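Heads up, the thing below is written out as structure tokens.
The values are calculated or read from the model by the stated rules, or taken from the named source; none is laboratory data. Source: prediction; values computed, not measured. Neighbour counts run over all protein chains shown; Cβ positions are idealised from the backbone, glycine included. Protein only, heavy atoms only, side chains kept; ligands, DNA and RNA dropped before computing areas. Shrake-Rupley method; radii C 1.70, N 1.55, O 1.52, S 1.80 Å.
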Amino acid sequence: MVKAHHRPIIIITSNNEKELPDAFLRRCFFHYIRFPDKATMERIIAVHYPNLKKRLLAEALEAFFEIRDVPGLKKRPSTSELLDWIKLLVAEDIPPEALRGDQHKLIPPLYGALLKNEQDVHLFERLLFMSRRKKD
């Protein structure tokens, strides 16, 4: 028989996609981790893509955080979606200019890697359509 000298500490992570029972939550200590800012996200990306061109990184991060800020998204893109998107951008040799937000708010290429919810895709497309109409 194994007997602990100290009470064990168990760490459980959650992305809040499913509700956990109240009886379980009462026994938990919570530590919320804020979503990474751009500087932290750059360091995360550098671990996965150390040779990524600086301009592509800058434009991808700008587009990513603009999409995350779209009000009403059901599931905002996370770090894993950003890493997947960058992988696709590199594989398809997408130039940094194609991601630039000053092109009348064009939908970024391969945005399906970022938005994983059909409702969010429709919302995003509607908002972009409305912003184009206001500029015309």
Task: Carbon and sulfur %, accessible surface of segment 1-106 computed with the full protein complex present, 1.4 Å - done: 56
Task: Efficiency of FRET from Cβ geometry, residue 46 and residue 117, R₀ 35 Å, rounded to 0.05 - done: 0.75
- [ ] Quantify how much of the Cα-Cα distance distribution of the chain extends past 24 Å, in percent.
- [x] 45
Open item on the list: Under the √(5λ) rule applied to the eigenvalues of the Cα gyration tensor, what semi-axes describe the equivalent ellipsoid of segment 13-58? Give them in Å, descending.
Closed with: 35, 10, 9
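Between the DSSP loop rule and a limit of at most 16 other Cβ atoms within 10 Å, which chymotrypsin sites (Phe, Trp or Tyr not before Pro) in segment 1-57 are left?
Here the sparse-neighbourhood loop sites are 29, 30, 32.
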- [ ] Taking GluC sites (Glu not before Pro) as candidate sites, keep only those in a DSSP loop with at most 14 other Cβ atoms within 10 Å, then name the longest stretch of the chain containing none of them.
- [x] 20-91
Task: Nearest 10 degrees, 0 to 90: helix 54-68 Cα axis against the chain principal axis - done: 70
- [ ] Quote the charge dipole size of the chain about the Cα centre in Debye, to the nearest 20; the model charges only the Cβ of Lys and Arg (+1) and of Asp and Glu (-1).
- [x] 500
- [ ] May I ask you to compute the full-extension gain from residue 126 to residue 26, defined as 0.36 nm times their residue separation minus their alpha-carbon distance, rounded to one decimal in nm?
- [x] 31.9 nm
TODO: Write down the accessible area per residue of the chain in Å², having rolled a 1.4 Å probe over the full set of protein chains.
DONE: 80
Task: Pairs of alpha carbons in segment 37-101 whose separation is greater than 20 Å (percent) - done: 21
- [ ] Distance check, please: which entries in 54/116; 87/116; 18/74; 53/75 exceed 22 angstrom between their Cα atoms?
- [x] 54/116; 53/75
